[in-house]
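Chemist: Let me begin by handing over the structure; questions about it come next.
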Amino acid sequence: MPKLNVLVAGSTGYIGVQLIKLLSNHKKINIKYLCGSSSVGKSISFYDKTLSKKKLPKIIKFHKKLLSDVDLIFTALPNGEAQKISKYLNYNNTLIDLAADFRLDKKSDYLKWYKQKNFAPENLKNSIYSLPEITGNKIKNKQIIGNPGCYPTSILLPLIPLIKKDLIDIRNIIIDSKSGYSGAGRGVHSKYKDKNLYESLSAYGVGFHRHNSEIHQELIKHTNKKKINFTFTPHLTPMFRGILSTIYITIKNKSNISKIINELKNKYKNSPFIKVHKQNTLLSTNDVINTNNCFISVCKTKYKDKLIILSTIDNLIKGGSGQAIQNMNLKYDFNETEGLK
């Protein structure tokens with residue numbers, strides 16, 4: 001199979017640059033176009049010096065005519081922009097969006113949580129939300145792939161198997177997640193300039209963060225449970241990258257920590273990027289930085305029916321660009337780990 005010609009729209013953000021770094025090492029990919037708006041005419045190495053030795057195109061402005069020259073489009077743009085681009089797709093194009101445009105199945109949910117209308121509701125039927133270890137080959141016949149959010153990735157991977165097997169109480173799951181500031185994009189420096197970003201911890205989106213909708217949708221969809229109650233609180237930390245989610249669960253009477261760990265290990269035994277550690281292993285973001293891995297640990301508490309799950313990922317890779325490439329690999333029958341080792 002010849003190399004896929006790829007266009008990256010939104011190539012200069014933290015996620016876009018990381019995506020280009022990974023794609024440039026992928027044996028099956030030719031980066032045909034890099035698109036931006038305020039960065040037109042610049043070299044991508046302006047945003048990351050490590051790319052200076054790569055033969056990459058200069059940044060140009062996106063135009064729908066470019067789609068006739070490419071097989072695959074990655075969009076790392078503000079919410080709403082990928083929906084607009086999706087209207088121009090040719091029959092042989094695949095679109096993988098790293099923002100939220102195709103994460104929610106209902107246009108009404110998108111309006112409710114993102115406070116803007118869906119510009120391409122007719123394309124929802126051609127799209128799929130794809131968390132690779134959960135979705136698998138279901139993406140094969142879909143033209144548009146919605147890449148999961150970073151927080152939901154760290155949360156859904158441990159919770160879906162346990163809820164599906166009815167091992168934990170679904171009436172009050174507590175999720176405390178902390179992310180590096182790169183998750184907020186390049187604009188984070190000006191947005192938080194008065195909050196001492198580099199030396200403080202900040203809670204945000206308390207009670208109503210947008211990712212609540214995504215987490216709820218996917219938990220319901222993949223577990224066949226009608227009602228799951230959880231509380232999710234995200235925090236911004238003074239580190240550049242990485243996510244650590246601490247999930248507080250109550251186990252069912254028939255369950256115990258060994259069953260919880262064994263279920264996770266069994267679920268992900270053939271998943272190259274997920275490692276379930278032995279019980280009570282303490283995890284840090286440093287364990288997974290610069291990888292597409294998700295590390296999971298289940299820990300005891302002083303209460304017999306309470307456990308704590310630790311789940312950590314690199315928000316820019318497994319929580320973004322790496323997962324997008326993993327989805328691409330599955331879509332095109334490439335080795336799942338190609339470009340991600």
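The values are calculated or read from the model by the stated rules, or taken from the named source; none is laboratory data. Quick caveat, the model's predicted, so the values are computed rather than measured. All Cβ positions, even for glycine, are placed from backbone atoms using ideal geometry, and neighbour counts span all protein chains on display. What goes into the accessible areas is simple: the full protein's heavy atoms, side chains included, and nothing from ligands, DNA or RNA. Shrake-Rupley method; radii C 1.70, N 1.55, O 1.52, S 1.80 Å.
Chemist: Mind listing the long-range amide H neighbours of Asp169? Cut-off is under 5 Å, sequence gap 5 or more, other chains count too, H placed in the peptide plane at 1.01 Å from N.
Modeler: Thr250, Ile251, Lys252
Chemist: So, one more: Among the DSSP beta bridges whose two residues both lie in the chain, what percent are antiparallel, rounded to the nearest 5?
Modeler: Details: 24 of 57 bridges.
If we restrict to bridges inside the chain, about 40 percent are antiparallel.
Chemist: Could you check how much of the accessible area of the range 29-146 is carbon and sulfur, as a whole percent, using a 1.4 Å probe?
Modeler: On the way: 3050 of 6000 Å².
Answer for the range 29-146: carbon and sulfur cover 51 percent of the accessible area.
Chemist: Roughly how many percent of the accessible protein surface of the range 182-341 is carbon and sulfur, given a 1.4 Å probe and a whole-percent answer? Don't jump to the answer; show the numbers that get you there.
Modeler: Values: 3830 of 7830 Å².
Its accessible area is 49 percent carbon and sulfur atoms.
Chemist: Sticking with this one: Roughly how many Å² of Arg186 are accessible to a 1.4 Å probe, to the nearest 10?
Modeler: 100 Å²
Chemist: If you don't mind, another one. At 0.36 nm per residue, minus the direct Cα-Cα distance, what do Asn253 and Lys225 gain on full extension? Give it in nm, one decimal, please.
Modeler: Working: separation 28, 0.36 × 28 = 10.08 nm, distance 1.84 nm.
Here the answer is 8.2 nm.
Chemist: Now a separate question. Calculate for the chain the 222 nm mean residue ellipticity that helices alone would give, adding -39,500 (n - 2.57) per DSSP H run of length 4 or more and normalising by residue count, nearest 500 deg cm²/dmol. Don't skip to the end; give the middle numbers.
Modeler: On the way: 9 runs with 81 residues, N = 341.
Theoretical 222 nm ellipticity from helices: -6500 deg cm²/dmol.
Chemist: Using a cut-off of 13 Å between beta-carbons, work out the net charge of the residues near Val40 (Lys and Arg +1, Asp and Glu -1, Val40 not included).
Modeler: On the way: positive: Lys42, Lys58, Lys61; negative: none.
Cβ neighbours under 13 Å give a net charge of +3.
Chemist: Something else about it: Under the rule that an exposed site lies in a DSSP loop and has at most 13 other Cβ atoms within 10 Å, name the longest stretch of the chain with no chymotrypsin sites (Phe, Trp or Tyr not before Pro) of that kind, not counting the sites themselves.
Modeler: Details: sites that count: Tyr91, Tyr204, Phe208, Tyr303.
The reported range is 92-203.
Chemist: What's the angle, to the nearest 10 degrees (0 to 90), between helix 257-267's Cα axis and the longest principal axis of the chain?
Modeler: Here the helix axis deviates by roughly 30 degrees.
Chemist: So, one more: For helix 14-23, report the angle its Cα long axis makes with the longest principal axis of the Cα atoms of the chain; keep it between 0 and 90° and round to the nearest 10°.
Modeler: So the inclination is approximately 80 degrees.
Chemist: Suppose all protein chains stay in the model; what accessible area per residue would a 1.4 Å probe give for the chain, in Å²? Let's see the in-between values first.
Modeler: Numbers: 15750 Å² over 341 residues.
Value returned for the chain: 46 Å² of accessible area per residue.
Chemist: So for the range 253-330, averaging the separation of alpha carbon pairs under 8 Å that are six or more residues apart and normalising by length, what relative contact order in percent results? The partial results should precede the final answer.
Modeler: On the way: 116 pairs, mean separation 19.6, N = 78.
Contact order relative to length: 25 percent.
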